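Structure incoming, see below.
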Amino acid sequence: MSTDAAKIVVAGHICLDIIPAFPHEGGTAIEPGRLYLMGPVVCATGGAVSNTGLALHQLGIPTKLLGKVGNDLFGGEVLNVLRRYGPNLADGMIISEGENTSYTVVISPPGIDRSFLHCPGANDTFCTEDIDFGSLSGARLFHFGYPPILQRFYEDGGEQMARLMQQVQGMGVLTSIDMAMPDPNSAAGRVDWQSWLQRVLPSVDVFLPSIDEILFMLRREQFDQLTSAGSEITSAVDGVLLNELADQLLGMGTQTVVFKLGDQGVFLRTAKPTRLAECWQNRELTAPCFEVDVVGTTGAGDSTIAGFLAALVEDASPEEALVAAVGVGACSVEAADATSGIRPMSEVKDRIAAGWARRGM
């Protein structure tokens, strides 16, 4: 599929994911001093540009990818992976001499939430000047992923991010942002994220954080209490908290909030008015996940976003967009990597129409 006439442009973080295969006989916790027998390693591109962008491509949405890699072994593999999905999908990538390509070692034992060993590499220098605004010509939506792990976009308190989104909106293109959980002990973990969001969200049409991320950014004390107690945040939230957080974000200026709730599904709140169709105005909806055999959860949130955005740019209703989101997210977790489980949107819809069971329903 050519990306010359992209309907969605995805920019931001990209890396090479290195995913060791764990045995499937129950959960396996990593303990110091032990040797673990592993299966083969899966190498796949990761980050929002890859996970969300390739999922959109797999769904059948014309997509352009904008990211940055180094001129090294990992960078060459990132470009090769993108080209295997589509011959033109690497055309928007920046290859930076003298920089290292970002990589992530994904530790994802069966039955245990995944952990990451991450090197930011060339993502630390990715900035607005790297954006090819000509590639947005004819696009319906511009999606930006993972600013909390893109140094140039968090270190100035959101000024660069806000300018970028303002410029894109000025071109008549819808804007959306997906976040990432910063390392609490890093510079990103010390950012005043509430101020960052207040600066950025007025130029964001659709804001798509996970509940963990937004609780960290807006209610750090509550986040710390839950995590220190070993609580699963998704199981500790209720409708009252979701609406309080959504009200706060809508009050900051964004028009549509979508919270990813892990295996609990997704939650949507919208403002009135919005830049979207009338049926999107002043809505509150939830959608539970579909039943699947989970192989890996890497990139599940990004694929959920892809399903939502794909439906959005095809003029779906909010109800249809949420069902598409959890449907595509469910397809993603049926494979070890983020995107190989994704099928064309027509096949996802057929599976849903055939009576695909959903959790709690």
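Every number here is computed from the coordinates shown, using simple stated rules; none is lab data. Small disclaimer: the values here were computed from a predicted structure and weren't measured. Neighbour counts are summed over all protein chains in view; Cβ atoms, including those assigned to glycine, are modelled from backbone coordinates with ideal geometry.
With a bin width of 10 angstrom, please list the P(r) values of region 210-260 as percents of all Cα-Cα pairs, from the 0 bin to the one holding the largest distance.
The percentages, shortest bin first, are 23, 59, 16, 1.
Hey, in the GNM for the chain with a 10 angstrom Cα cutoff, which one of Ser346, Ser96, Ser228 fluctuates hardest?
Ser228
Which whole-number percent of Cα pairs in region 11-71 have a distance greater than 18 Å?
Numbers: 990 of 1830 pairs.
Roughly 54 percent, rounded to a whole number.
Based on alpha-carbon atoms only, what is the radius of gyration of region 129-222 relative to the globular estimate 2.2 N^0.38 Å?
Dividing the Cα Rg of region 129-222 by 2.2 N^0.38 Å gives 1.08.
Here is a further query. Take the alpha carbon atoms of region 210-361, find their radius of gyration, then divide it by 2.2 N^0.38 Å using N residues; give the quotient.
Values: Rg = 15.6 Å, N = 152, 2.2 N^0.38 = 14.8 Å.
Relative to the 2.2 N^0.38 Å estimate, region 210-361 comes out at 1.05.
Let me ask something additional. Using all Cα-Cα distances in region 52-98, what percent lands in each 10 angstrom bin from 0 up to the longest?
So the P(r) values, bin by bin, are 28, 54, 17, 1.
Let me ask you something else. With springs only between Cα atoms under 10 Å apart, run a GNM on the chain and tell me which of Glu213, Glu278, Glu319 wobbles the most.
Glu278
For the chain, what Kirkwood radius comes out of the mean inverse Cα-Cα distance, in Å?
Computed over the chain, the radius equals 20.4 Å.
For each of Cys15, Cys127, Cys331, count neighbouring Cβ atoms within 10 Å of the residue's Cβ, then give the residues from fewest to most. Let's see the in-between values first.
Working: Cys15 29, Cys127 14, Cys331 26.
Fewest to most other Cβ atoms nearby, the residues stand as Cys127, Cys331, Cys15.
Run the numbers on the chain and let me know its relative contact order in percent, using alpha-carbon pairs under 8 Å that are six or more apart.
Normalised by residue count, the contact order of the chain is 15 percent.
Find the all-direction average of the projected area of the Cα convex hull for region 75-120, expressing the result in square nanometres with one decimal place.
4.4
Cα convex hull of region 1-113: mean projected area in nm², to one decimal?
So the mean shadow area of the Cα hull is 8.5 nm².
When the C-alpha atoms of region 224-286 are aligned to their principal axes, what extent does each axis show, in angstrom, from largest down?
42, 23, 15
Using helices alone, I'd like the mean residue ellipticity at 222 nm for the chain: each DSSP H run of four-plus residues gives -39500 (n - 2.57), total over residue count, nearest 500.
Computed mean residue ellipticity for the chain: -10000 deg cm²/dmol.
Now, a different point. Contour minus end-to-end for Ile107 and Arg351, with contour as 0.36 nm per residue of separation and end-to-end as the Cα-Cα distance?
Values: separation 244, 0.36 × 244 = 87.84 nm, distance 3.03 nm.
In short, 84.8 nm is gained.
Would you please give the residues with an amide H less than 5 Å from that of Gly12, counting only those at least 5 places away or on a separate chain, with H modeled from the backbone geometry?
Placed amide hydrogens put Leu66, Gly145 under 5 Å from Gly12.
Taking 2.2 N^0.38 Å as the expected size of a compact globular protein, what ratio does the Cα radius of gyration of region 60-199 give against it, to two decimals?
1.11
Still on this model: Give me the percent relative contact order of region 220-361, please, defined on Cα pairs under 8 angstrom at least 6 residues apart. Present the calculation step by step, with values, prior to reporting the outcome.
Working: 206 pairs, mean separation 26.0, N = 142.
For region 220-361, the relative contact order is 18 percent.
In bins 5 Å wide, starting from 0, what share of all Cα pairs of region 235-323 does each bin hold, as a percent?
Result, from short to long distances: 3, 13, 24, 24, 20, 11, 4, 1, 0 percent.
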